[in-house]
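The structure appears right after this line, and notes come after that.
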Amino acid sequence: MKVLVFCPLAPTMPRIYGRTVQSILTLEYDDPLDIVFARHDEPGQEIGTLNLMHKHNRARKMVLDGNYDAMLSIEADMIVPPNTLTRLAAIDADVAYGLYCSRHGQHQWLAFHEISKATGKSIDSKRNYAAAQWGRIITTQGVGMGCTLIHRRVLEKIEFRLSGSMADDWYFALDCKAHGFVQKHDLGVVCGHILNHNSMAVVWPTINTDRTMFEIEPLDQEV
């Protein structure tokens with residue numbers, strides 16, 4: 001399977017973290033990989049969700065024009081395991097996600113069993129259920145582009161868009177649902193999410209604490 005690995009760089013500094021680069025460059029896969037770090041910011045100096053949507057649509061065009069079979073999206077603040085691509089590519093799904101936490105709020109797992117236009121329920125809202133599924137592959141309704149394998153057949157049908165207060169990954173998951181595309185999470189592909197440049201910390205999903213479904217890894221050096 002011919003895969004494009006796409007990492008949209010942040011429009012502000014730091015554009016990407018060293019541990020993200022390292023994890024991308026050490027991905028295990030039998031076939032050659034094309035890796036794109038997308039720095040060009042559209043439109044102009046605008047940042048935020050619109051900037052990211054334009055980058056995702058540039059990646060979509062690269063996949064369709066370049067005869068790729070799939071795109072692996074990894075965001076510039078993610079730390080993914082080496083076997084990410086081999087595991088996600090083996091899943092019988094149209095879109096396959098790794099597991100990571102939100103950087104914000106209570107650091108919920110970005111693996112939703114239910115989403116609507118503006119709300120959703122993460123699977124970790126049911127702690128016992130989430131813990132029982134740890135390491136398994138489960139059907140979900142998304143969401144996120146932090147560590148996500150999207151097959152070509154999906155990108156042929158769906159363009160990234162904005163339609164309200166959420167980011168384009170949310171509407172992408174909704175569009176996949178509307179088109180009947182199967183979305184699954186591999187809860188064995190456990191990824192770190194770097195909180196921000198100043199905190200020097202990474203949030204990881206876990207089932208090994210009594211109070212939360214995440215743990216914070218403090219860092220004492222640049223990431």
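Pick from TYR29, TYR68: which is within 20 Å of CYS176 (Cβ to Cβ), more than 13 Å from the chain's Cα centre (by Cα) and either of a type in the set (Val, Ile, Thr) or surrounded by 13 or more Cβ atoms within 10 Å (Cβ to Cβ) (or both)? Steps first, answer last, please.
Values: TYR29 fails: within 20 Å of CYS176 (Cβ to Cβ).
Exactly one residue qualifies, and that residue is TYR68.
THR86 fails exactly one of the following numbered conditions: (1) closer than 22 Å to MET213 by Cβ; (2) free of Cβ contacts under 8 Å to residues at least 60 places away in the same chain; (3) of a type in the set (Ser, Thr, Tyr). What is the number of that condition?
Looking at each condition in turn, THR86 falls short on (1).
Here are GLY105, GLY135: which of them is at pLDDT below 95, surrounded by fewer than 13 Cβ atoms within 10 Å (Cβ to Cβ) and assigned to a loop (DSSP other than H, G, I, E, B)?
Values: GLY135 fails: at pLDDT below 95.
Just a single option satisfies the conditions, and that option is GLY105.
Which helices (runs of 4 or more DSSP H) does segment 1-98 wholly contain that include 2 or more residues that are modelled with pLDDT of 95 or more and basic (Lys, Arg)? Break it down stepwise before answering.
Working: elements: 18-25, 49-65, 84-89.
Qualifying helices (runs of 4 or more DSSP H): 49-65.
Select from segment 152-183 the residues that are in contact with a Ser or Thr (Cβ under 7 Å, 6 or more places away or on another chain) and of a type in the set (Phe, Trp, Tyr) and list them in ascending order.
TYR171
Could you please let me know if ALA38 is in contact with a strand residue (DSSP E or B) (Cβ under 7 Å, 6 or more places away or on another chain), small (Gly, Ala, Ser) and in contact (Cβ under 8 Å) with a residue 40 or more places away in the chain? It would help to see each step written out before you state the result.
Numbers: in contact with a strand residue (DSSP E or B) (Cβ under 7 Å, 6 or more places away or on another chain): yes; small (Gly, Ala, Ser): yes; in contact (Cβ under 8 Å) with a residue 40 or more places away in the chain: no.
No; evaluated as a whole, the condition is false for this residue.
Of all the residues that make up segment 109-132, how many are modelled with pLDDT of 95 or more and assigned to a loop (DSSP other than H, G, I, E, B)?
Counting residues in segment 109-132 that are modelled with pLDDT of 95 or more and assigned to a loop (DSSP other than H, G, I, E, B) gives 2.
From (1) more than 23 Å from VAL154 (Cβ to Cβ); (2) free of Cβ contacts under 8 Å to residues at least 40 places away in the same chain; (3) among the β-branched types (Val, Ile, Thr), pick out the condition that doesn't hold for ILE16.
(2)
Suppose we keep only residues that are under 16 Å from ASP69 (Cβ atoms) and of a type outside the set (Gly, Ala, Ser) within segment 87-116. Which one would you say is farthest from the chain's Cα centre (by Cα)?
Applying the first criterion (under 16 Å from ASP69 (Cβ atoms)) to segment 87-116 yields 88-96.
Filter once more, so that each one left must be of a type outside the set (Gly, Ala, Ser): 88, 91-92, 94-95.
Details: LEU88: 12, ILE91: 16, ASP92: 18, ASP94: 14, VAL95: 11 Å.
Per the criteria, the residue is ASP92.
Residues in segment 146-169: is at least one at pLDDT 95 or above, in a helix (DSSP H, G or I), under 14 Å from the mean Cα position of the chain (by Cα) and not aromatic (Phe, Trp, Tyr)?
Within segment 146-169, one or more residues are at pLDDT 95 or above, in a helix (DSSP H, G or I), under 14 Å from the mean Cα position of the chain (by Cα) and not aromatic (Phe, Trp, Tyr).
Which members of segment 166-180 meet the condition of being touching a Gly at 6+ places or on another chain (Cβ under 9 Å) and in contact (Cβ under 8 Å) with a residue 12 or more places away in the chain?
Taking segment 166-180 first, the residues touching a Gly at 6+ places or on another chain (Cβ under 9 Å) are 167, 169-174, 176-177.
The answer is ALA167, ASP169, TRP170, PHE172, ALA173, LEU174, CYS176, LYS177.
Quick one: which of THR140, THR206 is among the polar types (S, T, N, Q), surrounded by 14 or more Cβ atoms within 10 Å (Cβ to Cβ) and within 25 Å of ASN57 (Cα to Cα)?
Sole residue among the options that is among the polar types (S, T, N, Q), surrounded by 14 or more Cβ atoms within 10 Å (Cβ to Cβ) and within 25 Å of ASN57 (Cα to Cα): THR140.
Determine which single condition ILE207 fails, assuming it passes every other condition in (1) in a loop (DSSP other than H, G, I, E, B); (2) among the β-branched types (Val, Ile, Thr); (3) under 18 Å from ALA96 (Cα atoms).
Looking at each condition in turn, ILE207 falls short on (3).
The values are calculated or read from the model by the stated rules, or taken from the named source; none is laboratory data. Source: prediction; values computed, not measured. Positions of Cβ are backbone-derived with ideal geometry, glycine not excepted, and every protein chain shown enters the neighbour counts.
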